[in-house]
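The values are calculated or read from the model by the stated rules, or taken from the named source; none is laboratory data. These figures come from a predicted structure and were not determined experimentally. Positions of Cβ are backbone-derived with ideal geometry, glycine not excepted, and every protein chain shown enters the neighbour counts.
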Amino acid sequence: MLVRLSSQEGAMNEIRVECYAGYRADQRPQRFALRGRVFEVELVEDQWYAPAAIYFRVRADDGNFYVLRHDEVQDAWTLDAFRAARDPVTQNGTLEVKR
């Protein structure tokens, strides 16, 4: 299930993002704080560009997927979408348990 967040949700989708800065500032997100909880980015699954913004689809340490949007003009980050992780089932149909 993918949840798109509207801009009307205001503070609900405002986040604080810490980034790796390599050859450019805010090159890729490493962790983010949302509603008082800090999430570590385990994987940047995809990234794409729009006029004046960069989007990152990331998997966080809670196993869920988040689309983070960086508005380069305002230097502001928002949470654009969320998708809950699927059930941890392996290809052979057995339950996979994380420890």
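Some observations on this one:
- Pairs where the first residue, in the range 9-24, is at pLDDT 75 or above and the second is of a type in the set (Ser, Thr, Tyr) and in a strand (DSSP E or B), C-beta under 8 Å, 6+ apart: ILE15/THR78
- Residue ID - surrounded by the most Cβ atoms within 10 Å (Cβ to Cβ), chosen from residues in the range 25-49 that are among the hydrophobic types (A, V, I, L, M, F, W, C) and modelled with pLDDT under 95: LEU34
- All positions within the range 45-72 that are of a type in the set (A, V, I, L, M, F, W, C) and more than 14 Å from PHE82 (Cα to Cα): TRP48, ALA50, ALA52, ALA53, ILE54
- Within the range 18-47, the residues that satisfy the criterion of being β-branched (Val, Ile, Thr) and under 10 Å from the mean Cα position of the chain (by Cα) are VAL41, VAL44.
- Subset tally (residues that are modelled with pLDDT of 90 or more, out of contact with any Leu (no Cβ under 8 Å at 6 or more places or on another chain) and either farther than 20 Å from ARG57 by Cβ or not in a loop (DSSP other than H, G, I, E, B) (or both)) for the range 76-93: 1
- So ARG31, is it at positive phi and not hydroxyl-bearing (Ser, Thr, Tyr): no
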